[in-house]
Structures are given as C-alpha cells and as structure tokens.
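Enquirer: Below you'll find the structure I mean.
The values are calculated or read from the model by the stated rules, or taken from the named source; none is laboratory data. Quantities reported herein were computed from a predicted structural model and do not represent experimental measurements. Neighbour counts are summed over all protein chains in view; Cβ atoms, including those assigned to glycine, are modelled from backbone coordinates with ideal geometry. Surface accessibility is based on the protein's heavy atoms, side chains included, excluding ligands, DNA and RNA. Shrake-Rupley method; radii C 1.70, N 1.55, O 1.52, S 1.80 Å.
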Amino acid sequence: MASVVKFNQHPTETLKVGKGFSLADADPDSTPGYTGNKAEGKNLLADLDGKLAEFQEKLFAEAKFGSAKRILLILQAMDTAGKGGIVRHVVRAMDPQGVQLKAFKAPSDAEKSHDFLWRIEKEAPVAGMVGVFDRSQYEDVLIHRVHSWATPDELERRYAAINEFEERLTESGTRIVKVMLNISRDAQKDRLLTRLDDPSKHWKYSSGDLEERAFWDDYMAAYQAVFDKTSTSVAPWHVVPANRKWYARIAVQQLVLGALEELNLEWPKAEFDVAAERSLAEKS
C-alpha cells in the first residue's frame, strides 16, 4: 500500500495571512505543516480525491433542494507558479458539471467600458457550484499598481470595492478561498527556461513573461499591499509556497476540503416514500 502522510498542521492555520504578515519572510521553498516527501505528497493528493468529489456532489445536491451554499477558489500568482497545475491536479477530481472555471485574461474594450468588477461579478458561482478564478479582480490592483495605470486614490477605492464585493458574496452563501501561489524569482527563471527547452511547452511561453519579470520587486510590493488591504475575516488570504509543485497542490486541496467541511454538507433527505418507490421499481 502506498504511504500516505497527512498534514500535522492544517494549511488554514499555517498559510493564512494574519496581522503583521510579511511576504518577504515567506519561504517559497518550504512545506509548512507537512513532513512528507514528494512521493508521499502525491499519494495524499490521490487519497483525498474521492473525499473532495463526495463533498462537491453533496454541495451540488443540496442546491437542488434550495441551499445557497457555494465555494469560490481564487488563484493568484506570478507566471509559471502553477495555477494551471492546481486546476489539473486538484480541481479535476470534481465533477466538471459542478465546477465553474473562469480564466480572466486582459479585459476587452467592452469590459473596459464598465467598472473593473463588472466582468468579475458575472462569473461568480451560483448555488451548489465550486467556482474557480484563474486570476481575478486582484489583477486590477496588482498590475495597475505596478505600472501606475491607476492612481493611489483609485487603488484605495478598488481595495474597498473588492472587500465589499467579497462580503456580499459571503452573505449570499459563498465560502471564499483566496490563494496566492508564492514562487521565488529563481524558480520562475528555471521554469521559463524549461518551457524554452521543450518544444511541447513553447505555446505556454510569451516574451511578455520576461517583461513583467523585470518588475518582480514591484509585484511583490503590490501583493503585500493586497494582503494588507483585503485579507479580511470573511475572506482571508492564504500564501502557499509554490517552488515545490506537489506541495502547493496538496495545500490547496486541503484548503478547499476545509472550506467544504465548514459548510456542514449533508445528503438531502428523500421527499418520497423510498420503500414504495423501491417496490414499484422491482415490479417495473
């Protein structure tokens, strides 16, 4: 039997951004709360796939009977940090019919004619769904700060608008899980070089990645501001070390499982006479 090593401290405790958090002090190469190795981490991921799928099905089933509960996983990161890997290795365990995945690209001209949250609100998960944002409303306070596309006053307005938006989502039944995948500058360089060395990965590469890489320190400062301004009691941030892809995946899996567990999900009770229907089925 494959060895399964569990977390000795849950990521909701070890990775949550609290008062006084410093991104500069967070080690992208660490594995907080987990003592297992890569192989054991992969075994843990596979071992909990079934549990994740069951919780998601309960969430979907409850909504059929009027529950407003839903999950929103927000993934933010520098390029190559592994957002796509989280979707492929964690989210894929769930029934795609119960997942709303949205990858936010640069806004279109039509989207730019509206306030920045307009396109985000349209993609918020409906009851019973697990929503996944690959990038999100936070792009509008990250890249816009780095490149001075928004004034300091406008950035403050956006931080406040994001907090209000997330509070409304929470009040409507949404459990928000916000994750920043924290990769080091050196690890990003290695992954970019790997893409260039592998023809099958050339499609993932963009010269724009190098252009944004030149603003690394500015991005780290922008992320710190995001944590300071928008890590709230209803929607706290979690900074997940991402140099080790396998660790990032099991940590995010734990965060999503934890959020689902907090919803106290149950299978809906039958609204019909089970014995009578079984008898009819036997005679059919």
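Enquirer: Have a look at GLU40, GLU57 and point out the one that is farther than 17 Å from ALA248 by Cβ and either open to solvent by 80 Å² or more (accessible area, probe 1.4 Å) or not in a loop (DSSP other than H, G, I, E, B) (or both).
Expert: From the options GLU40, GLU57, the qualifying one is GLU57.
Enquirer: Of all residues in the stretch 115-160, which are open to solvent by 40 Å² or more (accessible area, probe 1.4 Å) and among the polar types (S, T, N, Q)?
Expert: SER148, THR151
Enquirer: Residues in the stretch 11-30 that are out of contact with any strand residue (DSSP E or B) (no Cβ under 7 Å at 6 or more places or on another chain) and either β-branched (Val, Ile, Thr) or closer than 10 Å to TYR247 by Cβ (or both): how many?
Expert: Residues meeting the conditions: 2.
Enquirer: Would you point out which residue out of ALA68, ALA81, ALA127 is within 20 Å of ALA251 (Cα to Cα), assigned to a loop (DSSP other than H, G, I, E, B), of a type in the set (Gly, Ala, Ser) and touching a residue at least 12 places away in the same chain (Cβ under 8 Å)?
Expert: From the options ALA68, ALA81, ALA127, the qualifying one is ALA81.
Enquirer: Additional query: Which condition does PHE116 not pass, out of (1) in a helix (DSSP H, G or I); (2) over 25 Å from ALA24 (Cβ atoms); (3) in contact with a helix residue (DSSP H, G or I) (Cβ under 8 Å, 6 or more places away or on another chain); (4) not small (Gly, Ala, Ser), if it passes all the others?
Expert: Answer for PHE116: the failing condition is (1).
Enquirer: Would you call LEU73 open to solvent by less than 20 Å² (accessible area, probe 1.4 Å), within 18 Å of THR174 (Cα to Cα), outside any loop (DSSP other than H, G, I, E, B) and touching a residue at least 24 places away in the same chain (Cβ under 8 Å)?
Expert: Yes.
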